[in-house]
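Novice: So that we are looking at the same thing, I have put the structure below in structure tokens.
Bear in mind that the values in this text are calculations on the coordinates, not laboratory data. Small disclaimer: the values here were computed from a predicted structure and weren't measured. Note that we place each Cβ from the backbone using ideal geometry, even for glycine, and neighbour counts take in every protein chain shown.
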Amino acid sequence: MTPEPDLRDALLAAVPSLRAFAISLSGHVDRADDLVQDTLLRALSNLHRFEPGTNLNAWLFTILRNLFHSEYRKRRREVEDPDGSYAGRLKALPEQGSHLDLEDFRTALATLPPDQREALLLVGASGFSYEEAASICGCAVGTIKSRVNRARSRLAASLDVGDAEDLGPDRMTRAALQSSV
Amino acid sequence: MTGEKGNKLARVIPDSDLNGTLAADPKLDSTSQKRIGDQLRAMYDELMQQPVPDRFKNLLDQLEKKDRETSHDSGA
């Protein structure tokens, strides 16, 4: 299918939000960029299935999300990905300027179950309505609402309860690193 | 009692809920919700502001060019 100039611009304009979503979802910049590229290619080869006048971004996010999940399932069979590695990768992202509390936030986000993280990112950061997020994820609106609520509560709990066992070592390491600077 | 931990950010829900064993959805107070939302958007904004890697511009330009060539060929 033909990418018309308008469409090319629209796709290019969607890239930053697709990347932000993919990076937050996968915790890995390289993998996220591959996901975005695959999303664009798939979108272009399926343009006939896009209904003009509907939300292009929502359509692109749906493609990206489905690619992510099929790849995730595949990878999971190959290598068991321990929960902590996502946090480690996210922290290695090239954003040196960020504040420490954002780093805490990233760590907390990384500990969320993937379906909750995804729902929160779509509704809380990407600007989709609950209805759009539900259609992107292929689930009921109530399910999205519930996941977003759970995600928020969990984040609040892990950002707040500093002496929780699973956050303890990280905080101590960071404190040690900071005091040694 | 979960309210006794000196939480400054949020009223924490019971641990059992974190494990998904309770059916009811936890509700956060609006201050905590706002703080979580602000941090989420701050993190996201950082990502959004990163420059678009050239590979994406190149990809779309290539496709456009290829398309123009093929439509030109077929028209000749």
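Novice: I'd like the Karplus ³J(HN,Hα) series for the stretch A:140-148: coefficients 6.51, -1.76, 1.60, θ = phi - 60°, whole numbers in Hz, and an x wherever there's a Gly or Pro.
Specialist: 6, 4, x, 5, 4, 4, 5, 5, 5
Novice: On average, how many beta carbons from a partner chain sit within 10 Å of the beta carbon of a residue in A:24-35? Numbers along the way, then the final one.
Specialist: On the way: counts 4, 0, 0, 0, 0, 3, 0, 0, 1, 3, 1, 0.
Per-residue shielding by partner chains comes out at 1.
Novice: Also: Would you mind giving the mean number of other chain beta-carbons within 10 Å of the Cβ of each residue in B:44-54, as a whole number? Provide the component values of the computation, followed by the final result.
Specialist: Values: counts 10, 2, 8, 13, 7, 3, 8, 1, 6, 6, 0.
Counting other chains' Cβ atoms within 10 Å and averaging over B:44-54 gives 6.
Novice: Moving on. Per residue of A:13-21, how many C-beta atoms from partner chains lie within 10 Å of its own C-beta, taken as a mean? Write down the numbers at each step before the final one.
Specialist: Working: counts 1, 1, 7, 7, 3, 1, 6, 8, 3.
Across the residues of A:13-21, the mean count of other-chain Cβ atoms within 10 Å is 4.
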